[in-house]
């Protein structure tokens, strides 16, 4: 069987058909074509990396800004700040407001409170809740006479004074840190223990101060008779000074504002008797002050501003008389007269001209008036005597009868004389029984008794004044002889 060679697909002629894929040899042109195909992807990747890098830089910048911004802190109005750098204080006193410091751990700002702080210190016996409430409401007198006969040092607080007495007190301490050196307190005292340390120092100072004064000085805040008033300081003043001195020695940087004793009272068992004595002394002091006030008013009423000077010169005059110095007494008397008359006078080298007023001026005016009246009366009597003398020389009988009639009329006008009118005497004998008027006799007796009483009263006043004068002279060392 013969076949057609052109119809066999396996023959070379039959395999020559159009190719679906043409393969070419690789070379420089193929590499360029591949590079052109990969360039958009690389560019996209580079852009993405560039954006990420920029975002990373921005984040780093923000974090760095936030890190350094954390060093800005605000110091309050009641605070002072300290700037630290590597643990060392570089600015010890930062004022209130925003302040910058290197952020931790390089640096920081430590805030220190400088406002006032208070603490209460008590030296009280062990009280029940009811007693404590009554004490706060009505004062320490509600505790009078109660409580046990003894005190337990472990639970009962007390102060021992210089005279061995016991007292109880409650104190309020107000302090603050030194706003000029806030670092001093922060360096030397742990802030967590500051209040306890200040309270302990104050307690020790109070105990020391109480041991230096008596119970009366503590309760009344006035010195005893044996203490110099110029150097006396109250318990509060002493305790405050001791507390401040101790804190300064510790370099605590604390300033004590106030140390006030809000309550104080003696032991409960002796409180009624103590307050009774204190009340009596207070009444005596008030009586003395009242007497001094009355004395000042009396002196002002008597001689005004010149009273003190006049009394001083009168005392001086009396002493000079007792010493027998007549010349000095005469000079002092002249000075007294000038003072009474309101004239300037030189005393111990000083020219004085105090204003005289009151009873002295009225009595001097009355004396001047009486002197004028007495002179006028004496002149009138002299003129009357001269006139009667001329009348007697001309007609003695007329003058005698006239004077007798005047004398008789004056006698009848006396209070103790009773006048009885009788009819003319007739023949026979008259017998009259005359009794004194009982009403008139009683009035005369009352007048006589009043006059005697006034004389006796004046005599007693003179004797008392003389006794006081002799006592004053005796206390001054001058011997009085009568």
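Here, each number is a calculation from the coordinates, and none is a lab measurement. On a predicted model such as this, the values are computed, not experimentally measured, just so you know. Every residue, glycine as well, gets a Cβ built from its backbone with ideal geometry; the counts of neighbours run over all protein chains shown.
Here each label is just a point 7 Å from Cα along the line to Cβ, and for residue 379 and residue 433 those points are 5.9 nm apart. Put a dot 7 Å past the Cα of residue 409, heading toward its Cβ, do the same for residue 66, and the two dots end up 13.3 nm apart. Peptides 150-161, 276-287, 115-126 ordered by packing proxy, namely the average of other Cβ atoms within 10 Å per residue, highest first: 115-126, 150-161, 276-287.
Relative to one another, the C-alpha centroids of region 426-464 and region 303-319 are positioned 43 Å apart. With each label modelled as a point 7 angstrom along the Cα→C-beta vector, the residue 457-residue 289 pair spans 3.2 nm. The calculated FRET efficiency for residue 370 paired with residue 225, based on their beta-carbon distance and R0 = 30 Å, is about 0.05.
Highest-first packing order for the peptide set 227-235, 369-377, 255-263 is 255-263, 227-235, 369-377, based on the mean count of other beta carbon atoms within 10 Å. The Cα trace of region 117-269 gives Rg and Dmax of 16.9, 51 Å, the first to one decimal, the second as a whole number. The value for region 394-448 of Rg(Cα) / (2.2 N^0.38 Å) is 1.67.
Taking a cut-off of 17 Å, what percent of all Cα-Cα pairs in region 177-240 are separated by more than that?
Numbers: 1094 of 2016 pairs.
Summing the P(r) tail past 17 Å for region 177-240 gives 54 percent.
Each peptide among 199-207, 396-404 gets the average number of other Cβ atoms lying within 10 Å of its residues, and from highest to lowest they stand as 199-207, 396-404. Remark: the Cα gyration tensor places region 237-301 in the oblate category, a/c being 1.5 or greater and a/b not exceeding b/c.
May I ask for the distance between the Cα centers of region 283-302 and region 375-397, given as a whole number of Å? About 55 Å separates the Cα centre of region 283-302 from the one of region 375-397.
Based on the convex hull around the alpha carbon atoms, region 349-458 presents an average projected area of 16.0 nm². Centroid-to-centroid, using Cα positions, region 104-132 and region 170-232 are 15 Å apart.
Can you divide the C-alpha Rg of region 213-272 by 2.2 N^0.38 Å and report the result to two decimal places? Intermediate values should be presented prior to the final figure.
Details: Rg = 14.5 Å, N = 60, 2.2 N^0.38 = 10.4 Å.
Dividing the Cα radius of gyration by 2.2 N^0.38 Å gives 1.39.
Rounded, prolate or oblate: which fits region 274-367 when a ≥ b ≥ c are the square roots of the eigenvalues of the alpha-carbon gyration tensor, with rounded for a/c under 1.5 and prolate only if a/b beats b/c?
Prolate shape, in that a/c is at least 1.5 and a/b is the bigger ratio.
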